[in-house]
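The values are calculated or read from the model by the stated rules, or taken from the named source; none is laboratory data. A quick note: this is a predicted structure, and the numbers were derived from the prediction, not measured. Positions of Cβ are backbone-derived with ideal geometry, glycine not excepted, and every protein chain shown enters the neighbour counts.
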Amino acid sequence: MRIAITFVACALIWGSTFLAIRFGNEATPPVWAATIRLTCASVVLFGIAAAMRMPLPRGGRLRGAALWGFFNLGVNLSLLYLGEQTVPSGISAVLFATVPLTTALLAAAFGVERLVAQKLVAAIVAIGGVAIIFAGELGVAVPFGGLLTVFCAASAAALANVLLKREPAQSVIPLNAVGAAVGAVVCLAASFALGEPHAIPSTMAAWLPILYLTLAGSLGAFVLFSWLVTHWSVSNASLLGVTVPIIAVILGGLVKGEQPAALTYVGAAVVIGAILIALRAPHAQPVASSATASD
């Protein structure tokens, strides 16, 4: 039951965060906004860990937390925020629906889980769906570079899931405290490399998306999802990609008036269909069991 509740909560939160990023990009330079978000999240999470006397990760757990932060909070968010400057929030969420299948492929490549043939077929189908989405969005002048940037962000998130699963399971608060700190450094470096201005936001329009993404995203969904990854099959946990795009497309249409190309709906249906194929596959067996989490 706890796994089901956590899964639904993550889907609802992440279904709205793509739209929040889109709003935030209108008021604050994108990667600088991600840096502020992660810095705030890290301070709060370290404070919670200290108040609860939770030990910070060491050894393999520290390595896992650092890699999680680097790829899922640093590389992923930098690329996603940049990509959403030109890519509609709903389409970004659909591209992130490829994460479960990319995760399954990477989990097999890294020896974390055995690859089920049905998931391999699903991955191939999903790649076809992504190609259709690219074709549809290019037809309505969404830049190829933006689409590719978001797809690379999704791939970085999948890699982070697998790298975290390779290390011993750990408490999610210290894990995300370290991860957010590492991610903030990555985003800050990227922001300077891009030549973004670094003024502190001074309007409510600028702060609201950052605060929402900090509280609901970094302190909510990422903590919940990292708990899922440490308590469930990594490829199953990433099947959030089935519901998040639907929520994001609906919100993008209602709030921002986003209208994907007709061909994009076909590609989205193919991707979601591929995820459903993967859902029906036998559960992937871990190559080696993880240590028990200490919450």
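Observations on the structure shown:
- Test: Ala157 is small (Gly, Ala, Ser) and surrounded by 22 or more Cβ atoms within 10 Å (Cβ to Cβ): yes
- Residue in the stretch 104-112 that is of a type outside the set (Gly, Ala, Ser), surrounded by fewer than 21 Cβ atoms within 10 Å (Cβ to Cβ) and either assigned to a loop (DSSP other than H, G, I, E, B) or in contact with a Phe, Trp or Tyr (Cβ under 8 Å, 6 or more places away or on another chain) (or both) present: yes
- Count - residues of the stretch 193-212 that are in contact (Cβ under 8 Å) with a residue 12 or more places away in the chain, over 23 Å from the mean Cα position of the chain (by Cα) and in a helix (DSSP H, G or I): 1
- When Gly74, Gly60, Gly15, Gly69 are screened for being more than 30 Å from Ile132 (Cα to Cα), in contact (Cβ under 8 Å) with a residue 40 or more places away in the chain, assigned to a helix (DSSP H, G or I) and within 13 Å of the chain's Cα centre (by Cα), only Gly69 passes.
- Residue in the stretch 162-180 that is small (Gly, Ala, Ser), within 30 Å of Gln259 (Cβ to Cβ) and either in contact with a strand residue (DSSP E or B) (Cβ under 9 Å, 6 or more places away or on another chain) or in a helix (DSSP H, G or I) (or both) present: no
- For the residues Ala158, Ala190, Ala177, Ala153, the requirement of being under 21 Å from Ile36 (Cα atoms), under 15 Å from the mean Cα position of the chain (by Cα) and not aromatic (Phe, Trp, Tyr) singles out Ala153.
- Given (1) of a type in the set (Val, Ile, Thr); (2) part of a helix (DSSP H, G or I); (3) at pLDDT 90 or above, number of the condition Val87 does not satisfy: (2)
- Given (1) under 19 Å from the mean Cα position of the chain (by Cα); (2) buried (at least 19 other Cβ atoms within 10 Å of the Cβ); (3) modelled with pLDDT of 85 or more, index of the condition Gly267 fails: (1)
- Among the residues of the stretch 22-36, the ones that are part of a helix (DSSP H, G or I) and either at pLDDT below 95 or surrounded by fewer than 19 Cβ atoms within 10 Å (Cβ to Cβ) (or both) come to 4 in all.
- Among the residues of the stretch 80-101, not a single one is touching a Leu at 6+ places or on another chain (Cβ under 9 Å), of a type outside the set (Lys, Arg), more than 27 Å from Ala190 (Cβ to Cβ) and surrounded by 24 or more Cβ atoms within 10 Å (Cβ to Cβ).
- Answer residue from the stretch 130-154, given it is surrounded by fewer than 22 Cβ atoms within 10 Å (Cβ to Cβ), among the small types (Gly, Ala, Ser) and at negative phi and is modelled with the lowest pLDDT among those: Gly139
- On inspection, Val142 does not qualify as in a helix (DSSP H, G or I) and either among the hydrophobic types (A, V, I, L, M, F, W, C) or over 21 Å from Ala248 (Cβ atoms) (or both).
- In the stretch 101-129, the residues that are modelled with pLDDT of 85 or more and not small (Gly, Ala, Ser): Thr102, Thr103, Leu105, Leu106, Phe110, Val121, Ile124, Val125, Ile127
- Pro55 of a type outside the set (S, T, N, Q) and farther than 26 Å from Val140 by Cβ: yes
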